[in-house]
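The values are calculated or read from the model by the stated rules, or taken from the named source; none is laboratory data. Since we're looking at a predicted model, the values are computed, not measured. Reconstructed Cβ throughout: ideal geometry from the backbone, glycine too, with neighbour counts over all protein chains shown. To get the accessible areas, we keep the full protein, side chains included, count just its heavy atoms, and leave off ligands, DNA and RNA. Shrake-Rupley method; radii C 1.70, N 1.55, O 1.52, S 1.80 Å.
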Amino acid sequence: MKPRIAIVGAGAVGGYAGSYMAAAGEDVTFIDPWPEHVEAMRANGLRVTHLRDVVEFTTPVRAIHLTELQNEAKGRPFDIAFICMKSYDTEWATVMIRQYLAPGGFCVSLQNCMNEETIAGVVGWGRVLGTIASSITVELMVPGNIHRNSGKGGAAHTVYRVGEPHGRPTERAKEIVRLCALSDSATLTENLWGERWSKLVTNVMGNGMSACTGLLSRDVVADDQLRAFTARLGAEAIRVGQALGYSLEEILHIDPEVIARAGEGDAQARAEYDRKRIAESARGGAHRPSMGQDMVKGRRTEIEFLNGFVADRAAPLGIPTPANAALTEIVKKVERGELQPDPKHILDLRMN
């Protein structure tokens, strides 16, 4: 019998991964808090488009509103629950789905940020796995339509990295790799925490910058001063991760030490950083990171779980993180409407 799968949060990442599972005939139920999105999926299926190289498709899906989840008690419980909500919604979403899990069922954090501990606080560490979606560049354009601002990563870039908190390979982790591989390249990692912090650094360098400037990723990278500030953000986050004992992976296809030294003022590292970031940006599309998307839509951002999280973890270690702390406060002000998105918020800091 196929595992029964819940996608808790059928937004950009959850909807993208889940759409391929559904198209492959897996037993998937999408649960989402946006009523219009649920109704669109019910009426027309879930449409998936790409910037290049992939033919668009629409697949029928089973989608339910949060208020309908109680009816799932009448059927077979879920074996796997992918938690794909924003970080600030992780705890209540896990509490909500917990009572509908099978006795051997478990949760998979398919999110930004470091949410495995929050999920474990609800269901226990034995029922938690993590999955990083690296450089997936997806966006929920309109209800029922997910767009990926690239082609697929494939062999050139492994998108999904699946791991157990304890680091050992397990059969259930291999099953999650299989499910994720339906949509793009996936691998089993024994370094979940290093992978997770490395993805955190990627988001720290890009998400808040888009949110507070109003710019697309490629436009941030194109500006010398803004690009320099992204290196500083990354350097602070990398040093904190290293101090916490994480074994970091490549970040944006760049050695973490190169990013760190570039942000700390090393001219040679800065030249390499600039060259690689500009080249990578030229290959991408008009992508707006998820936090930039949230700002455009007037939604709450995850800034406290990204740049704010870095600053919080740095404080007990005595590591200064002025760039991340400053960006956190700027994004909060833009989110509250006290400031309008503008690159000058970063340029005026004169920290780059």
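Structure data summary
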read-out	value
Computed lengthening from LEU347 to ALA271, 0.36 nm per intervening residue step minus Cα-Cα distance	25.3 nm
Nearest-0.05 FRET efficiency for VAL296 and MET1, computed from C-beta distance (R0 45 Å)	0.60
Spin-label proximity, TRP92 to region 59-75 - amide N less than 17 Å from point 7 Å beyond Cα toward beta carbon	65-70
Accessible surface of the chain [probe 1.4 Å, protein heavy atoms]: carbon and sulfur percent	50
Estimated inter-spin distance, MET141 and GLU338, nm [label 7 Å along Cα→Cβ]	3.7
Relative contact order [Cα under 8 Å, 6+ residues apart], the chain, whole percent	14
Stretchable slack from ALA156 to ALA43, in nm (0.36 nm times residue separation minus alpha-carbon distance)	37.1 nm
Taking N as its residue count, the alpha carbon Rg of region 255-352 over 2.2 N^0.38 Å	1.21
Long pairs among LYS2/LYS74; LYS276/LYS344; LYS276/LYS333; LYS297/LYS344; LYS174/LYS276, criterion Cα-Cα beyond 29 Å	LYS276/LYS333; LYS174/LYS276
Size-normalised alpha-carbon gyration radius of region 38-161, reference 2.2 N^0.38 Å	1.17
Loop GluC sites (Glu not before Pro), region 1-93 (other Cβ atoms within 10 Å of the site Cβ: 12 or fewer; DSSP)	GLU56
Fully extended contour minus Cα-Cα distance, from LEU188 to GLU36, at 0.36 nm per residue	51.2 nm
Choice from GLY14, GLY153, GLY104 with maximal GNM fluctuation in the chain (Cα, 10 Å cutoff)	GLY104
Whole-percent pair-distance distribution, where bins are 5 Å wide, for the alpha carbons of region 122-251	2, 10, 16, 17, 20, 17, 12, 5, 2, 0
Separation of the ALA73 and ASP224 label points, Cα + 7 Å toward Cβ, nm	6.4
Cα-centred dipole magnitude for the chain, charges only on beta-carbon of K, R (+1) and D, E (-1), debye, nearest 20	400
Rounded accessible area per residue of the chain, 1.4 Å, Å²	41
About the Cα centre, charge dipole magnitude for region 230-331 (Lys/Arg +1, Asp/Glu -1 at Cβ), debye	360
Cα-based radius of gyration of the chain once divided by 2.2 N^0.38 Å, which approximates compact folds	0.96
HIS287, HIS37, HIS166, ranked by accessible area, largest first (probe 1.4 Å)	HIS166, HIS287, HIS37
Distance between modelled label sites at LEU51 and GLU117, nm, 7 Å Cα→Cβ extension	3.4
